[in-house]
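The values are calculated or read from the model by the stated rules, or taken from the named source; none is laboratory data. Quick caveat, the model's predicted, so the values are computed rather than measured. No Cβ is skipped: glycine too gets one built from the backbone with ideal geometry, and neighbour counts run over all protein chains shown. Ligands, DNA and RNA are stripped out before the accessible areas are found, and what is left, the full protein with its side chains, is counted by its heavy atoms. Shrake-Rupley method; radii C 1.70, N 1.55, O 1.52, S 1.80 Å.
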Amino acid sequence: MSRPNEDMIREAISAMGGFRPAARFLREQGYDISESGIRGMNRRWQDPNFDELEREFPQAYEPTPAIDIEELVARRIGQFARKKEIYDRDKLIQVRVNRDGPIGLGFFGDMHLDDDGTDLAEVMDHVSIFDGSTPGLYAGNVGDAFNNWVGRLERLYAEQSTTSNEALALVEYVLKKINWLYYTDGNHDLWNKGGDLLKMILKGNTLVHKSTKVRLALRLPNGRNVKIYSVHGFRGRSQWSDVFGAGKQAQLDGEHHDIYVAGHTHVSGYTHGMRPSSERMWHGLQIASYKKIDRYAEELNLDPKDLYNCPVALIDPHATSEVNFIRFEFDPHEGAERLRWMQQRYQAGKTAS
């Protein structure tokens, strides 16, 4: 069916005395037209600015002759291939550990260095443990080095004594004191393009820097490996468990990591289990923040649950039991001390069962 031209429509309206009978008449003649279509045309005919409006309609798209479409397609295909290669590689980042014997990995919780409620003295005390003085002791971070308030939350700068410029100076000063195994950005870190600032600050002293989550496989010299799944915050909450998100991820994760660790909620918690298929043990941790006084938590009447904010995983590659392969000290001082003892025992030719 073809559409009638405007002259035919005008004649039909005049002859039939209305829009509905005109539409019926034209359809009977084999034309494709409706009453609403005719009414729309009539409104357009009555608009004195119709000609002016019509000139404003965009012209039909024509490809620009200057674009080499085949070159564009080839470039886009190459871009996707490179992006996918990086994406696949980052699903599980391989890290070769060249040091034999026991090693330790401390997990720093949310620092919020510029907040007046943060125990900065404790931060600096813990940072001093990971300054390289204990060989084989490394550090990771689950994010939120500073408040970095954004949007409506920027009003909270009025409630803290540290300015935004001072906050950046603190972040750079503290984070550069540690040679990080990895750092994951938190939600506060990413506001106000903070992630770009952290890239510059952490460049040169961080092996892996990722946004919100990272999966690592530590490849030990004797062939064993430790797989770590670290995120700013796992999904899932429960009134019965502060570490529910990490435990849920561990039990549903088909990748079978050994350590699941997160921060974000400013509470601490630990859980573990065993995979019957491999008889390997998994560990789930929720790490509290160094921010000890929090007006938001007080307003919600939340009880403090910050038992620890820098637990240390002690890894003995030569241990024969799962219990001694990975174990945790929740005080980083005790973790560093026990690691030194484990290394001395290893040098003496002894190891755990």
Want the number for Ile293 to Met124: 0.36 nm per residue separation, take away the alpha-carbon distance, what's left?
-> 59.1 nm
How far apart, in nm, are the 7 Å Cα→Cβ label points at Glu70 and Asn5?
-> 4.4 nm
Considering only Leu207, Leu170, Leu302, give the residue with the highest GNM mean-square fluctuation for the chain, with springs between Cα atoms whenever their separation is below 10 Å.
-> Leu302
Expressed in angstrom and rounded, the centroid-to-centroid distance over alpha carbons for region 181-249 and region 141-179 is 19 Å
Ranked by GNM mean-square fluctuation in the chain (Cα springs under 10 Å), the top entry among Asp68, Asp331, Asp242 is Asp68
Globularity ratio of region 182-221, using Cα Rg and 2.2 N^0.38 Å = 1.29
Grab every C-alpha pair in region 182-275, bin the distances at 10 angstrom width from 0 up to the longest one, and report whole percents.
-> 15, 40, 32, 12, 1
With the 8 Å Cα cutoff and a minimum separation of six or more residues, region 152-218 has a relative contact order in percent of 34 percent
What distance in nm separates the simple spin-label points at Ser164 and Val323, each placed 7 Å from Cα in the Cβ direction?
-> 5.3 nm
Would you indicate which of [x] 63, 26, 22; [y] 35, 22, 20; [z] 44, 28, 21 is the value of semi-axes √(5λ) of the Cα gyration tensor in Å derived from the coordinates of this structure?
-> [x]
Output ³J(HN,Hα) for region 90-95: one whole-Hz value per residue in order, computed from phi by the Karplus curve 6.51 cos²θ - 1.76 cosθ + 1.60 with θ = phi - 60°, and x for Gly and Pro.
-> 7, 4, 8, 7, 7, 10
Extended-chain gain in nm, criterion 0.36 nm per residue less alpha-carbon gap, Phe330 and Ala217 | 38.5 nm
List the lysines whose Cα lies under 20 Å from the Cα of Lys210, skipping any in the same chain that are fewer than 8 positions away.
-> Lys83, Lys84, Lys91, Lys176, Lys177, Lys193, Lys199, Lys227
By a straight-distance test (C-alpha under 16 Å), which lysines pair with Lys292 as possible cross-link partners, with residues fewer than eight away in the same chain excluded?
-> Lys305
Using 0.36 nm per residue, how much length does the chain from Ser278 to Ala81 gain when fully extended, once their Cα-Cα distance is taken away?
-> 67.5 nm
Calculate, in whole percent, how much of the Cα-Cα pair population of region 92-219 lies beyond 18 Å.
-> 53 percent
What does the accessible area of Arg39 come to, in Å² to the nearest 10, when a probe of 1.4 Å is used?
-> 100 Å²
Lys199 - accessible surface, heavy atoms, 1.4 Å probe, Å² rounded to 10 = 120 Å²
